[in-house]
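Notes follow the structure.
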Amino acid sequence: TLPKVADFEQNTASLLPAALLRTSSYLTHPVFNTHHSETGMLRYIRRLSDFDLALDRTMIPLGSCTMKLNATSEMIPITWPEFANIHPYCPADQRAGYAELDEQLRAWLCEATGYAGISLQPNAGSQGEYAGMMAIRGYHEARGEGHRNICLIPSSAHGTNPASATMVGMKVVVTACDANGNVDMDDLKAKCEQHSANLAAIMITYPSTHGVFETSVKELCALVHSHGGRVYVDGANMNALVGLAAPGEFGGDVSHLNLHKTFCIPHGGGGPGVGPVCVVADLVPYLPGDGVGAVSAAPLGNAAVLPISWMYCRMMGAEGLKAATEVAILSANYISVRLKDHYPTLYTSASSHGKPGRVAHESKPGRVAHECILDLRPLKESSGGVNGVTAEDVTKRLMDYGFHAPTLSFPVPGTLMVEPTESETLEELDRFINAMIAIREEIAKVEQGVWPQGNNPLSHAPHTAASLLGETWDRPYSRELAAFPAPALKQSKYWVPVGRIDNVHGDRNLFCSCVPMS
Ligand SMILES: *Cc1c(COP(=O)(O)O)cnc(C)c1O
């Protein structure tokens, strides 16, 4: 018979030095000592998930985040012990399966992006940017041009771009955007000429963070190349490109991908991420691990979640991936067009400018890419100025309607950026659009003075059950309207666990919600 674990431990001297053994108590919070039965644990976890307004209840239309379906068949393999129970530092000859998966996935992603080489090591998009900028720096240094240290970045860029350029020792020069939200080509030309001798790179996002395919992208890449700079194309928006256009083919030299956006790895709550860095042929020697050193401790990065992206690519196939891109673009444009009389889209593709024919991705005037920025700024003024309805009020009211809010105030303050992805059905898109239109009608009642500023369903949203079912009710709108603004909510209602928190006040006045010291 096998020895019992307790016997085993009793007869084995600890190898840990006595000085390192813990003497203080730990995990003393009641949450770690309350749920002792499986049913108790199950109910505790269920209660937590009931608090959550997640993808299993509603679309999460967060622009710039690509919150798409994480299919069950993509997720299952990461639970298999063959994938899950292997140490990230195990000798390479003991992880032949992972090596094969890494090789296949890299080949597919190269095909999707038009690049020659790729490393899956970076653990986030931002780390992929860092690795990519290191490659550009390594390239210039190897050519005896290490003095090239200027990185041009359009003002519309995601904040990680200037941070990454700065981390590799480059100096960021911001270039302007025109009234349509596109890179201002005249300003870019001037800055390229001014910094020609020291130009290292430009970092652009395509389609842009304004959600638009910029028609001058090829011209832009050629311009920067003619001044000796390399082009970094931020690939976080690849959900609008896969199967339709490849950054490595329209002028990019380096990109990162976000496998936790475009390639289905779930990323609610901040991870785990995989931000592969992809490069054209002459930059391959500068990928992580070779010329410029490693960017993460584990040789294959966050390899344990790669089976998700592998399954996605394998199950979709080339045709499926292309169809997903097309549906994602169609869905964003459907929302933009159906809401245009209620909330105009801030940036759309301009009527053809630049040089037609050099366009990587032809887009009709008035169209968006995979996301659209709804302009809510005028509503504050029209509904009363200082105390008028804000975009934040709309995000809170959406919870009463059972929706997770879109991205608020990024990249433009006072706007909502909506990205439906290909995962949502027409029915769900319509449910969202109808909620947004109904909310616009509520705003109109504030504009008309039917409801006072600061005391209406928008300013008090979201409504908890406790706030609605108290003894008294003294608001100028009914409890029913607060809780069930759309009829279907009577069949299926998400109740928020807490009411509105003043975001700014909350951020500045942190307090601990642990059990008190006493
Ligand atoms: C998400 C995103 C990034 C950063 O990716 P992380 O994985 O969050 O570090 C960079 N650029 C753009 C445009 C993004 O949307």
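The values are calculated or read from the model by the stated rules, or taken from the named source; none is laboratory data. Remember, predicted model here, so these are calculated numbers, not experimental data. We place every Cβ from the backbone using ideal geometry, glycine too, and count neighbours over all the protein chains shown.
A few points about this structure:
- Matching residues in region 102-158 - criterion: being more than 16 Å from the ligand (Cβ to nearest atom), closer than 24 Å to residue 308 by Cα and of a type in the set (Ser, Thr, Tyr): 115
- Of all residues in region 161-184 being farther than 19 Å from residue 195 by Cβ and at pLDDT 95 or above, the one that is nearest to the ligand (Cβ to nearest atom): 163
- Within region 230-270, the set of residues being closer than 20 Å to residue 322 by Cα, in a loop (DSSP other than H, G, I, E, B) and within 13 Å of the ligand (Cβ to nearest atom) comprises 241, 257, 258, 259, 260, 261, 262, 263, 265.
- Residue list for region 44-75, filter: under 25 Å from residue 317 (Cβ atoms), not in a loop (DSSP other than H, G, I, E, B) and not charged (D, E, K, R): 72, 73, 75
- Some residue of region 104-111 being part of a helix (DSSP H, G or I), without any contact (Cβ under 8 Å) to a residue 12 or more places away in the chain and more than 30 Å from residue 231 (Cβ to Cβ): no
- When region 60-88 is limited to residues that are more than 23 Å from residue 275 (Cβ to Cβ) and of a type in the set (A, V, I, L, M, F, W, C), the one that is farthest from the ligand (Cβ to nearest atom) turns out to be 80.
- Where a residue in region 462-475 is without any contact (Cβ under 8 Å) to a residue 12 or more places away in the chain and its partner, wherever it lies, is assigned to a loop (DSSP other than H, G, I, E, B), with Cβ under 9 Å and at least six apart: 466/499
- Matching option when the condition is under 25 Å from residue 406 (Cβ atoms), part of a helix (DSSP H, G or I) and not hydrophobic (A, V, I, L, M, F, W, C), among 207, 162: 162
- Qualifying residue in region 291-310 (condition: of a type outside the set (Phe, Trp, Tyr), in contact (Cβ under 8 Å) with a residue 24 or more places away in the chain and touching a Ser or Thr at 6+ places or on another chain (Cβ under 7 Å)): no
- Where a residue in region 160-174 is over 16 Å from residue 209 (Cβ atoms) and its partner, wherever it lies, is charged (D, E, K, R), with Cβ under 9 Å and at least six apart: 167/129; 168/137; 169/137; 170/137; 170/148; 173/191
- Residue match in region 191-203 (condition: within 16 Å of the ligand (Cβ to nearest atom), part of a helix (DSSP H, G or I) and either outside the structural domain of residue 277 (by TED's automatic domain parsing) or surrounded by 22 or more Cβ atoms within 10 Å (Cβ to Cβ) (or both)): no
- Taking region 180-223 as the range and being closer than 21 Å to residue 145 by Cβ and under 21 Å from the mean Cα position of the chain (by Cα) as the test, only 203 passes.
Yes/no matrix, rows are residues, columns are (1) hydrophobic (A, V, I, L, M, F, W, C); (2) surrounded by 18 or more Cβ atoms within 10 Å (Cβ to Cβ):
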position: 120; (1), (2): yes, yes
position: 134; (1), (2): yes, yes
position: 138; (1), (2): no, yes
position: 148; (1), (2): no, yes
position: 156; (1), (2): no, yes
position: 169; (1), (2): no, no
position: 174; (1), (2): yes, no
position: 179; (1), (2): yes, no
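- Residues in region 1-41 that are among the small types (Gly, Ala, Ser), under 41 Å from the mean Cα position of the chain (by Cα) and loosely packed, with under 10 Cβ neighbours inside 10 Å: 24, 25, 37.
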